[in-house]
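Values in this text are rule-based calculations from the coordinates and carry no lab data. No experiment lies behind these values; they were computed from the predicted model shown. Neighbour counts run over all protein chains shown; Cβ positions are idealised from the backbone, glycine included.
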Amino acid sequence: MLLFTPGPTPVPEAVRTAMAGPTIHHRTPEFEAIFAEARARLMRLFGMDECVMLASSGTGAMEACVTNLARKKVLCVNAGKFGERFGKIAEAHGFETVELRYEWDTPATVEAVMAALKADPDIDTFCIQVSESAGGLRHPVEQIARAIKAENPEIAVIADGITAVGVEPIDTTHIDALIAGSQKALMLPPGMAMIGLSDYAVARIGEGKGFYFNLASEIKKQRQNTTAYTAPTTLVIGLNKVLELIEAQGYARFYAATRARALATREALTAIGCRLYPKTPALSMSAVYDEEANTLRKILKERYGVNVAGGQDHLKGKLFRINQMGLIPVYESAWVLNAVELALADMNRRPYDGTASRVFNEIYFQNETP
Ligand SMILES: *Cc1c(COP(=O)(O)O)cnc(C)c1O
C-alpha cells in the first residue's frame, strides 16, 4: 500500500535502518554527538537564530509557542482545523483571543490581519499556519509577518510550518517561531516536534513558562547538546539521518523536486476534471473537492493500493488530499495520479485514456531541476 496521506508520510528505508539500532542512553557523549549533528542540520533547515526539539506531536510545539510567547491577547487565523487549534490552545491557557475566520479554501490577507491588529491594540501575539492542512491551503505568511513587524515589532509571530518546513524555502526574516513536525515533511515516525526561533523570540521567552514545555529550559539544555528531560533518542537519530539524506542531494534539488511534484499533481488532476479545493494551494498536498470522495478513496485503497487522506468536519466525505511532502520516488506519485484516473473510470466519471499519467510526467520533468 502506498501511503500518500499528507502526514504521516512514509519513512525512507535508510532512516528506518538508522533507527533500528539498540537504544542508547540519552546522557552519554555518544548520543550528544548525534544530537549536536542533528541540531546543526536543523539550524540549517530552519535558517533561524535558534531551534529546539520537543518530544511531542506537533500540537505540543504549538502549545509551547503560545504559552512561552503570548502575553495577554492572541490573534489567530482560522481557515481550518489547525488554525482553529491555535485559538483553542490560547483559550485553554487563559489568554484572550481574537479569531480571523475564513472558509477553508480561502487564504488570510495582509489587509484583514492588519485591520484586526489595528482594531485591538491589546493583541501581542499572532498565530497562523504556513500551510493549513485541513484544506491544503497556503497562507501568505511571509507578507503578513513583514507587515506586522513593520507596524509593531513587539507582536510575536508564530507560524505553524508543520506541512511547510521541509517542503519549500520559507523566508523567516519576520517570523519569531516556526514549527515543524516529525511525521509530515520530515518523513519520520510521529512523536517529535521542532521549533525554529528568532533572537527576539528567545529574548521574549526569558525564563520561559510552564514546566515540560518551558522553552527556556530546553534552549539552555539544547545549546549544550542535551535535553531537559529524556530525549526521543530514536527520533533524533532518525532526524539526523533524514536531514543527512536531504543535504546529500542539496536543498535546492530537494525543494525543486517537491515543487515539480506539486505542480505536476495539480495539472494532472485538473486535466482529468478534478477540482482543486483551495484558492491558493500549498506545495505540501493537493486537496480535491469531490462529492464522491469516499467512494474514490475506497477504490484507490482496495483496487489500486493507494492510501490518500479525506476531509474533516464539514468537508468529511467531500475532499481527498494527496501528499507531496518528502523524498517521494517519482514513479510512486505518477502511479497515484494514474490510479485516480483509473478510479474515476471505475466510477463511470470519465473514460480512462492515460491523461493523468501523461500530464504528470510532462510537467514533472519540465520542472524537476532547480
Ligand atoms: C498535522 C498538523 C498539526 C498537528 O500535528 P500533530 O502532530 O497531529 O499534533 C498541526 N498543524 C498542521 C498544519 C498539521 O498539518
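When you count, for each residue, the other Cβ atoms within 10 Å and take the mean per peptide, how do 83-89, 202-208 rank with the highest first? Display every interim value, and only then the final one.
Numbers: 83-89: 21.6, 202-208: 15.0.
Highest to lowest by the protection proxy: 83-89, 202-208.
Short to long, the 5 Å bins of the Cα pair-distance histogram for region 60-173 hold 2, 13, 26, 26, 22, 10, 1, 0 percent of all pairs.
In region 164-296, taking the dipole from charged Cβ atoms about the Cα centre, the farthest positive-side position among Thr258, Gly166, Leu296 is held by Gly166. Straight-line cross-link partners of Lys209 among the aspartates and glutamates, defined as a Cα under 19 Å from its Cα and at least 8 positions apart when in the same chain: Glu50, Glu63, Glu91, Glu96, Asp124, Glu154, Asp176, Asp199, Glu218.
Computed from Cα atoms, the angle from the helix 58-69 axis to the main principal axis of the chain rounds to 30 degrees. Normalised by residue number, the volume inside the convex hull of the Cα atoms of the chain is 124 Å³ per residue.
For the chain, the share of DSSP beta bridges that are antiparallel, to the nearest 5, is 50%.
Given contacts defined as C-alpha pairs under 8 Å and at least six residues apart, what's the relative contact order of the chain, whole-number percent?
The value is 22 percent.
Counting only Cβ charges, +1 for Lys and Arg and -1 for Asp and Glu, the dipole size of the chain around its Cα centre is about 520 debye. Protection proxy ranking, highest mean first, for peptides 242-250, 4-12: 4-12, 242-250, where packing is the per-residue count of other beta-carbon atoms within 10 Å, averaged. Mean silhouette area of region 1-51, derived from the convex hull of its C-alpha atoms and averaged over all directions, reads 5.4 nm². Helix-derived [θ] at 222 nm for the chain: sum -39500 (n - 2.57) over DSSP H runs of at least 4, divide by residue count, nearest 500? Result for the chain, helices only: -14000 deg cm²/dmol. For region 221-322, trypsin sites (Lys or Arg not before Pro) are listed when DSSP marks them as loop and at most 13 other Cβ atoms sit within 10 Å of their Cβ; the list is Arg223, Lys279, Lys316. Size estimate for region 254-295 follows the Kirkwood approach: the inverse of mean 1/r over distinct Cα pairs works out to 10.9 Å.
On a per residue basis, the convex hull of the C-alpha atoms belonging to region 241-370 measures out at 110 Å³. Assuming a viscosity of 0.890 mPa s and a temperature of 25 °C, what translational diffusion coefficient in µm² per second does Stokes-Einstein assign to region 107-243, Rh being the Kirkwood radius over Cα pairs? D, rounded to a whole number, is 151 µm²/s. Among the GluC sites (Glu not before Pro) within region 136-179, those in coil by DSSP and having at most 13 neighbouring Cβ atoms inside 10 Å are Glu154.
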